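Visitor: Got a structure for you, questions after.
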């Protein structure tokens, strides 16, 4: 069998040459695609009873893909959004192969014909001010880990940064001169700068003082860069403490992205225009940022008060105007 027919040959070129060399996609995108193939290849090998290195392009038929998608939903308990993410990676690979190998055009079209599953988009969750304050009060600032936890939560609330963005912020990205700010590298390697509150600057100073500029700002207990999973568990730990102070936190599903949503909603309530919030969060499209204007009940209630309708003392029924009815019937 020629290399041109081996799926491993194409996957290597797809990940290293196409995603990185040609499209210059982010490391997170590369890892997401990689994880899809790490799950897919052993599944196909088991189905076909072949070693992974001997799998051909034709071994990955649409029927096998359907079985794999069903497997990750039922056995791995993945949601429809994750299913669609895995399918997107496989469709991208099939498109890559089809463009470069005419003999696989029909196969590529077959994989592309597999539809995405419709997903349910839940309402954006965010914290009220007293709930966010309770979360910030949860870490014990008398110990080093508690001070780091507090600074990290405060930094996330200040900047609205994603967990992956927070994890890769280095000390050299901080600017404490003039208007204090931080450089954040977002999705698609897009840079943005966020101003920092005086309180955030004060706590960051204590956290990074005396350390090398190349070091990550936030470290784990082993002195290594904290991961987005570490940030997830940090937030989870703080929520479990804060819930005793503010019981309303019990009914909310809180994760690092919730703090990002909270920053956006609180900025909106403070009168910051939606386009500034878009730049603050690093959104490409204004449509993405508009969801915060849609979910904030407080702002909706204020808008409703401006157009509240009061009952009239005398209610004139619509059919009390016979001339109008005659006019309408004459049309």
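Computed from the coordinates by the stated procedures, all read-outs in this text should not be read as laboratory data. Please read these numbers as outputs of a predicted model, since none were measured by experiment. We place every Cβ from the backbone using ideal geometry, glycine too, and count neighbours over all the protein chains shown.
Visitor: Fewest first, what order do 97, 171, 259 take by the number of other Cβ atoms within 10 Å?
Guide: Fewest to most other Cβ atoms nearby, the residues stand as 171, 97, 259.
Visitor: Hey, any idea what Rg/Rh is for region 3-112, computing Rh the Kirkwood way over Cα pairs?
Guide: In region 3-112, Rg relative to Rh is 0.94.
Visitor: Please label the shape of region 143-227 as rounded, prolate or oblate, based on the square roots a ≥ b ≥ c of the eigenvalues of the alpha-carbon gyration tensor (a/c under 1.5 means rounded; beyond that, a/b larger than b/c means prolate, else oblate).
Guide: In terms of gyration-tensor shape, rounded.
Visitor: Zone of residue 70 (label point 7 Å along Cα→Cβ, backbone N under 20 Å): which residues in region 77-101?
Guide: 77-88, 90-91, by backbone N distance to the label point.
Visitor: Per 0.36 nm of contour for each residue apart, how much would the distance between residue 100 and residue 199 grow if the chain were fully extended, relative to their Cα-Cα spacing?
Guide: 30.1 nm
Visitor: Moving to a separate point now. Which whole-number percent gives the relative contact order of region 129-306, counting Cα pairs below 8 Å spaced six or more residues apart?
Guide: Across region 129-306, relative contact order equals 25 percent.
Visitor: Sticking with this one: Could you give the nm distance between label points at residue 213 and residue 27, where each point is 7 Å from its Cα heading toward the beta carbon?
Guide: For residue 213 paired with residue 27, the spin-label model returns 2.0 nm.
Visitor: Sticking with this structure for a sec: Please rank 197, 107, 280, fewest neighbouring Cβ atoms within 10 Å first, as an exposure proxy.
Guide: 197, 107, 280
Visitor: Using only Cα atoms, figure out Rg for region 129-306 and give it as a multiple of 2.2 N^0.38 Å.
Guide: Dividing the Cα radius of gyration by 2.2 N^0.38 Å gives 1.04.
Visitor: Another one. Normalised by the number of residues in region 1-99, what is the relative contact order in percent for Cα pairs under 8 Å and 6+ residues apart?
Guide: 32
Visitor: Let me ask you something else. Can you tell me, using C-alpha contacts under 8 Å and at least 6 residues apart, the relative contact order of the chain as a whole percent?
Guide: 15
Visitor: State, to one decimal in nm, how far the label point of residue 145 lies from the label point of residue 326, with both points 7 Å from Cα in the Cβ direction.
Guide: Going from the residue 145 label point to the residue 326 one covers 8.7 nm.
Visitor: To continue, here is another question. What spacing in nm lies between the two simple spin-label points modelled at residue 35 and residue 133, each 7 Å away from Cα in the Cβ direction?
Guide: Taking the two extended label points, one gets 3.7 nm.
Visitor: Something else about it: Cut-off 14 Å, label point 7 angstrom out along Cα-to-Cβ of residue 120: give me the residues of region 71-91 whose amide nitrogen falls inside.
Guide: Residues passing the 14 Å test: 79-81.
Visitor: What is the Rg over Rh value, at two decimals, for region 45-98, using alpha-carbon atoms and the Kirkwood definition of Rh?
Guide: Rg/Rh for region 45-98 comes to 0.99.
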